[in-house]
Amino acid sequence: MPNSFLAAAEGMPDVNRRRLLNLTGAGLALAATAASVRNASATLVAQDAEHPDAELLALDKEMEEAHSRMETASESNSALSDKIEALLPPRPLHPTDWKSRPMPAHLKQLWDEALKNVLFVDAAKGDWQPEPVSAWHDANDREKAQIQAAWEEWSALRDERYREHNYEAMEEAFNGLSGEEWEIGRRIFAISAHTLEGMAVKIRAGERLGLENLADPSEAYLSIAADIKRLAEGGAA
């Protein structure tokens, strides 16, 4: 996430960028202050029921724990994937990377001459090409089929090895943890922040979710922008 809301606004959709830049100067100053404390540990703030942002601080801790579980699962899955890939035979050429070789000049000349004299009925049957040209095309087709077969054989072996290690279940578990973290983030952005500590919770949540990499991270930005405006106007709920 950018270190200031002016920088953040540059990468936002126009409507969200305008909303953020239209905030008061005091609001932008508060945004910069919030960004400077985004890495502060929530444990430094008293998380009791009297704190104006007690709910956000509690969710921050909950999200931190969920994020840690997700990262642990990701590291385990990556390590297992690397182990499986290392045991596989060399990766063959992917069929989409295979390119037909250019037709030799003498065959191209034969093809051009035959094309000039081809009759419609012969063209419809598809047997008008000279035998050497047809043989060249057949050889190309065989090579393409061999590339496809080699890839399918390797892919089947790769899938089998992953199944043997129950990798799909591990990925499903990771996806579940990712969904859990995402849901906590949605809850955080749905709650109004009343202090800089609460705004810092939202900034950390956006960073953990990688919202700056999404096409439209407006939910997080608009939530924080609303907090800035409220604080700039005197902290009214």
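A few points about this structure:
- Among the residues of the stretch 74-121, those identified as within 30 Å of Ala135 (Cβ to Cβ) and not in a helix (DSSP H, G or I) are Pro92, Leu93, His94, Trp98, Lys99, Ser100, Arg101, Pro102, Met103, Pro104, Val118, Leu119.
- Yes/no for Ser134 being more than 30 Å from Ala205 (Cα to Cα), of a type outside the set (D, E, K, R) and in a helix (DSSP H, G or I): yes
- For first residues located in the stretch 142-170 and of a type in the set (S, T, N, Q), partners that are surrounded by 13 or more Cβ atoms within 10 Å (Cβ to Cβ) and lie 6+ apart or on another chain with Cβ distances below 6 Å form the pairs Gln148/Pro95.
- Candidate set from the stretch 172-185 (those that are charged (D, E, K, R) and free of Cβ contacts under 8 Å to residues at least 12 places away in the same chain); member that is surrounded by the most Cβ atoms within 10 Å (Cβ to Cβ): Glu183
- Condition met for Ser134 (farther than 30 Å from Asp60 by Cβ and either at pLDDT 95 or above or not β-branched (Val, Ile, Thr) (or both)): yes
- Flag for Leu80 being among the hydrophobic types (A, V, I, L, M, F, W, C) and within 22 Å of the chain's Cα centre (by Cα): yes
- Checklist (1) of a type outside the set (Val, Ile, Thr); (2) farther than 30 Å from Gly185 by Cβ; (3) modelled with pLDDT under 95 applied to Asp53, failing item: (2)
The values are calculated or read from the model by the stated rules, or taken from the named source; none is laboratory data. Since this is a predicted model, take the numbers as computed values, not measurements. Every residue, glycine as well, gets a Cβ built from its backbone with ideal geometry; the counts of neighbours run over all protein chains shown.
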